[in-house]
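Here is the structure we will look at.
The values are calculated or read from the model by the stated rules, or taken from the named source; none is laboratory data. What you are looking at is a predicted structure, and each value in this text was computed from that prediction instead of being measured. Note: ideal-geometry Cβ built from the backbone for every residue, glycine included; neighbour counts use all protein chains shown.
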Amino acid sequence: MTEEIMDDELKAEEIELDQYLVFTVKDQEFGFQARRVQEILSVTGTTKVPNAPSHIEGIMNLRGRLATVINFRKKFGFEQIEHDEDTRIIIVEQSGFPIGIVVDAVEEVIKIPDDSVHELPKSARVPGSEECITGVGMLKNRLIILLDIDRVLTGQELIEAGAISQMMEKVIKGRKSGAEEETNIEGA
Amino acid sequence: MGKKSDKVRKPGRSVFFEDQGAEVAELKDSAGEVTEAATGTEYNIETQLEPLLDALNAFKQGDFTVRMPVQEGSLICEIAKIFNDVISLKERMVDEIARIGKIVGEEGRLTERATLDTAKGSWMSQIDTINTLMDNLAQPTAEVARVVTSVAEGNLSKKMALEVKGEFLQIATTVNTMVDQLNVFAIEVTRVAREVGMEGKLGGQAEVTTAVAQGDLSRKITVEAKGEILELKNTINAMVDNLNAIIGEVNRVMYAIGEGKLKDTVDVDAAGEFALMVDGINGTIDSLRGIVKELTDTGINVGSVSQNMLNSGQEMNAMATQLSSSMEQIAEGAKAQAMQIAAASKESEGVAENASDTLASAESMNLMAEMAAESAGTGVKAMEETIKNTDLMLEGSRESVSRIESLSKGSEQIQEIVEIIRDIATQTNILAINAAIEAVRAGKHGKGFAVVAEEVKTLSADSKAQAKKISGLVQSVLRETAETAQTIKTMAENVEIGRVSIEQTSKAFIDINTSVENTAKISKQISVAATEQKNSIDSVSQGLDKISGIAADTSTCSNQSADSTKHLLAKMQELTSTATSMANTAEKLQQVVGRFDITQEALIVGQTVSTPSPRTTDKIKSVAGRKPTTVKKTRK
């Protein structure tokens, strides 16, 4: 019994860590650690903030709290599109303040085991974006770029335009060649 | 005459002696016995017998007048008596024979017969023999007389019976031949006379001449005869004379005719068939006279006529030439006409064919017009139906449009609902994700919740998918409905346009119907007219056919006429030449006929007896070379 309980606890810890919220921006799947996500919302009206950086969508009222809304398309240097029914706002807590992140869609909460998470290959690292990426989750045919929420939000306000894209291409290219090495590194 | 009597007597006598030879011997024997008896009995018997001897010698010498003296009562006396009887019998017999001989021989009376009443036995036989002889002599003579009498009477049908012999047979044959010849002669002359006289045939004269030539009429019986023989002789001679006269006269006249003289006629007294012959000859002469006269006249006439004919012939020749050329022109014209008419006939056949075609066309047009009228009527009805249907359709399309509109509305409502569902599904999805996040945050306690959240998320995804499908369906429904509505609208518009068209069509149909009815009327009239036309053309064609036939006939006829005219021309030329030669012939004929002397001397033709004129007599003399004989009838 005890062993079972312990296993459960251990597993519970693990579950917490390897649960990711998968969302898409420009057809690329990204993942946040699910335990860091407060909630998701469908798009509501935001209030523009004058002189704010271009990737700041605006501000919004989240049940009495003021939340900053960031648009990842703008953040990642992608072209802007109209909001649609799949457009979501992911609410995260950072430094005690809620931040809303506008993404193209939220897909699911999924478990990506650590052995499926690979470090981004050195060749694929692009200055300005590499520090906010914790790894790449590889599930069957899916490549999910796992982002560090804090670094994404606290690092540079704006990721260089095209950096994510370059990185994505590199990741996809070096997927097979560097998979073992990265796994070993990540595993270690 | 005495000579003949001897002849007659002699046979009688020889017969007497021959036949009575036996009796003479008997007589001699009995005389011998008487002599012996006398010699034997008495001496003076010799003296007594001397007268017997003398008597016998005298008897022997043919003296039948001797008689023995009769001394009664003696044998000599008996002998003398018998002798005397015998010798007297003999004497009487001789006398009788002499008498008969005289009568027959000199007087020619063959009917006389010997009779000796006291004769018996061989004596009687002797008389009978003589009588039989007489009979035998008389019968042929009578026969000859009979036949000759008949001939003299002109009856040539009698002939001698040939039951005799010797010279009598010769006589009979001769007479018969003569009769035959006469018969032939008479028949010939009669025939020729009849032919010449009645039938006008000439050319039989040769036979007459032959017949005359064969007749030798110069002989006559010159023997002296008496009684019946004389009569016979006379009859024959008369007959010969008669014949001679007739034939001489005939010859004279014939000779004259031969010389071209027709003045004389046969002037002779004839009977029976000779009369016929004479009549025939005289008739012939008359006819010849008439003919010669006619010929003369005719010759003159023929001369002038043939001259006229020649002139006419020449004129006709010219005319015939003209006619011939005219006929040729006519023939050519008729040929051309026939050809033209044939062409016309052919043309009319073509026209008739065209008329037939026209009629057929008119009839088919009629039929088609009727059909068209019917079709137009049907069309009008169909149009009315169509308009009705179109109205219904329009109504239906309007209804459809309104229904589609309501369907569209319903679809839109569905769409709205589906939107709501999708919203709900989205919300549910968000909720499910949030639940999942919460479950993750809840740690191991949120595990079951996470499962639920997952399920809800799945449900929401399903709902969303389904809603999306519904939405798509509704969208397509809406789209299709819109399209349908549009289609129906277009259709309705088209139907509306169609309706107008149909109304116009209907009107057109009615117009067509009217027109077609008019057309039908007109085509019927055309048909009638075409029928009439065809009939007329047929009549014309038939007429033309007839005309063509007639023209062909005319052509043929005119060709024939032309040929005939040519023939005519040829004949005319022949005729002209014939007329010329006829004129010449007529001239010759006149010359020839001119030779005939027909100066009428009032000669009487027929049986009238008249004395021949000296000239006639001269003619007879010159022709027959005989003395003229006055003919008399010899028959008594």
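Data overview
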{"read-out": "All positions within the range B:550-567 that are under 25 Å from B:MET319 (Cα atoms) and crowded, with 20+ Cβ neighbours inside 10 Å", "value": "B:THR554, B:SER555, B:SER558, B:SER561, B:ALA562, B:THR565"}
{"read-out": "Members of the range A:96-118 found to be away from every other protein chain (no Cβ under 14 Å), farther than 16 Å from A:LEU41 by Cα and either touching a residue at least 12 places away in the same chain (Cβ under 8 Å) or in contact with a Pro (Cβ under 7 Å, 6 or more places away or on another chain) (or both), listed by number", "value": "A:PHE97, A:PRO113, A:ASP114, A:ASP115, A:SER116, A:VAL117, A:HIS118"}
{"read-out": "Test for B:ALA318: is it surrounded by fewer than 16 Cβ atoms within 10 Å (Cβ to Cβ) and modelled with pLDDT of 75 or more", "value": "yes"}
{"read-out": "Number of positions in the range B:61-96 that are touching a residue at least 40 places away in the same chain (Cβ under 8 Å) and farther than 16 Å from B:LYS120 by Cα", "value": "3"}
{"read-out": "Residue list for the range B:94-114, filter: within 11 Å of B:ASN131 (Cα to Cα) and surrounded by fewer than 19 Cβ atoms within 10 Å (Cβ to Cβ)", "value": "B:THR111, B:GLU112, B:ARG113"}
{"read-out": "Residue that is surrounded by the most Cβ atoms within 10 Å (Cβ to Cβ), among those in the range A:14-54 that are modelled with pLDDT under 80 and either at the interface with chain B (Cβ under 8 Å from one of its Cβ atoms) or not in a helix (DSSP H, G or I) (or both)", "value": "A:ILE15"}
{"read-out": "First in the range B:436-460 and within 9 Å of another protein chain (Cβ to nearest Cβ), second anywhere and outside any helix (DSSP H, G or I) and not aliphatic (A, V, I, L, M), Cβ under 7 Å, 6 or more apart", "value": "B:ILE437/A:GLU39; B:VAL440/A:GLN19; B:LYS457/A:GLU108"}
{"read-out": "Complete set of residues in the range A:69-95 that are under 18 Å from A:VAL152 (Cα atoms) and more than 12 Å from every other protein chain (Cβ to nearest Cβ)", "value": "A:VAL69, A:ILE70, A:ASN71, A:PHE72, A:ARG73, A:LYS74, A:LYS75, A:PHE76, A:GLY77, A:PHE78, A:GLN94, A:SER95"}
{"read-out": "All positions within the range B:394-435 that are among the acidic types (Asp, Glu) and either over 30 Å from B:THR487 (Cα atoms) or within 14 Å of another protein chain (Cβ to nearest Cβ) (or both)", "value": "B:GLU419, B:ASP423"}
{"read-out": "Single residue of the range B:118-173 satisfying the filter (of a type in the set (Val, Ile, Thr) and free of Cβ contacts under 8 Å to residues at least 60 places away in the same chain) that is surrounded by the most Cβ atoms within 10 Å (Cβ to Cβ)", "value": "B:VAL147"}
{"read-out": "In the range B:141-185, the residues that are of a type in the set (A, V, I, L, M), under 22 Å from B:GLY108 (Cα atoms) and part of a helix (DSSP H, G or I)", "value": "B:ALA142, B:VAL144, B:ALA145, B:VAL147, B:VAL148, B:VAL151, B:ALA152, B:LEU169, B:ILE171, B:ALA172, B:VAL175"}
{"read-out": "The range B:253-281, residues that are part of a helix (DSSP H, G or I), under 24 Å from B:SER150 (Cβ atoms) and not charged (D, E, K, R)", "value": "B:GLY272, B:PHE274, B:ALA275, B:LEU276, B:MET277, B:VAL278, B:GLY280, B:ILE281"}
{"read-out": "Qualifying residue in the range B:85-93 (condition: among the hydroxyl-bearing types (Ser, Thr, Tyr), under 23 Å from B:LEU52 (Cβ atoms) and in a helix (DSSP H, G or I))", "value": "yes"}
